[in-house]
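Report on the following structure.
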Amino acid sequence: MITRNGIPIAAPIVEMIVAVGMLILSIRIIQKYLQKKNRITLYLALTFVSYTIAVFSTAIGKCLQFGIQMAPNHIIYYSDMTIILGYIFTALANIFLIPFIDQIFLNIGNLIALPVTISNGIAIGLFIPALSVEKNAYAKAFPIVIFHVINTMFVMILLSYLAFIERRKNKEEKLARMGFLFIGLFGVFIMLMFISFALDLLILSLTSITGYTPFYYLSWFFALIGLFSGYLGYIMPPWFKKLLHIK
């Protein structure tokens with residue numbers, strides 16, 4: 001595989017594919033917000049806009065790292081910095097997603113939204129000083145990444161659990177049942193994505209391995225499946241309804 005400045009050519013290609021897919025989903029959700037103009041859809045739109053910026057950040061970083069010819073003794077680590085930037089925006093996505101979860105499933109207000117917002121705000125505050133184009137900036141941020149993964153896992157476990165519970169309650173509405181199923185699966189695959197990223201970073205931090213482990217590519221595979229699940233669950237496209245024989 002062609003590699004330049006430590007970046008295999010597959011990395012920017014895979015990330016840009018996911019970024020474009022996320023952009024399409026964000027646009028569709030924004031369109032839904034413009035039609036309904038309610039607060040719940042606004043939170044969802046802001047969540048996916050944050051995800052889109054996060055993925056584009058990492059993809060652009062990979063493209064810069066791969067595309068710019070650098071001397072071996074003077075490498076600028078764009079990729080490390082944009083990965084951390086991506087984590088900042090996924091933490092922001094958690095902040096927007098938690099009131100969506102609350103208003104759809106719980107209706108308990110700041111009792112859950114406030115602590116999640118504070119925790120993810122702390123993660124953002126810790127990530128900002130870690131933004132750097134120096135070597136191993138990503139690996140040095142490992143403790144912050146773990147904290148962020150824990151925050152994200154909590155939000156996604158909550159989303160998936162509540163969506164699956166709601167699906168079980170909806171015994172007659174086929175469309176709602178399928179929607180909640182895929183919303184739950186979206187949470188599951190995003191969890192798997194972050195776990196894979198954390199494992200990739202852990203292996204790189206504890207071993208002499210350089211570059212990318214299989215967990216890196218596995219994480220983006222989970223992201224693609226999660227993206228498709230989110231598209232089905234949140235958008236409910238006409239062809240999906242037709243497939244379910246629902247008008």
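The values are calculated or read from the model by the stated rules, or taken from the named source; none is laboratory data. These numbers come from a predicted model, not from an experiment. We place every Cβ from the backbone using ideal geometry, glycine too, and count neighbours over all the protein chains shown.
Key figures for this structure:
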quantity: Test for P129: is it under 20 Å from S205 (Cα atoms), free of Cβ contacts under 8 Å to residues at least 12 places away in the same chain and assigned to a helix (DSSP H, G or I); calculated: yes
quantity: Residues that are modelled with pLDDT of 95 or more and loosely packed, with under 14 Cβ neighbours inside 10 Å, drawn from region 35-44; calculated: none
quantity: Enumeration of residues in region 205-239 that are in contact (Cβ under 8 Å) with a residue 40 or more places away in the chain and over 21 Å from the mean Cα position of the chain (by Cα); calculated: S205, T210, G211
quantity: Output for region 154-182, where each listed residue is within 17 Å of L224 (Cβ to Cβ) and either surrounded by fewer than 19 Cβ atoms within 10 Å (Cβ to Cβ) or aliphatic (A, V, I, L, M) (or both); calculated: M156
quantity: Index of the failed condition, D200 passing every other in (1) in a loop (DSSP other than H, G, I, E, B); (2) closer than 23 Å to A91 by Cα; (3) charged (D, E, K, R); calculated: (1)
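The rows are residues; the columns are (1) more than 12 Å from the chain's Cα centre (by Cα); (2) of a type outside the set (S, T, Y); (3) not in a helix (DSSP H, G or I).
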| position | (1), (2), (3) |
| --- | --- |
| A11 | yes, yes, no |
| I17 | yes, yes, no |
| M22 | no, yes, no |
| I29 | yes, yes, no |
| Y33 | yes, no, no |
| S50 | no, no, no |
| T58 | no, no, no |
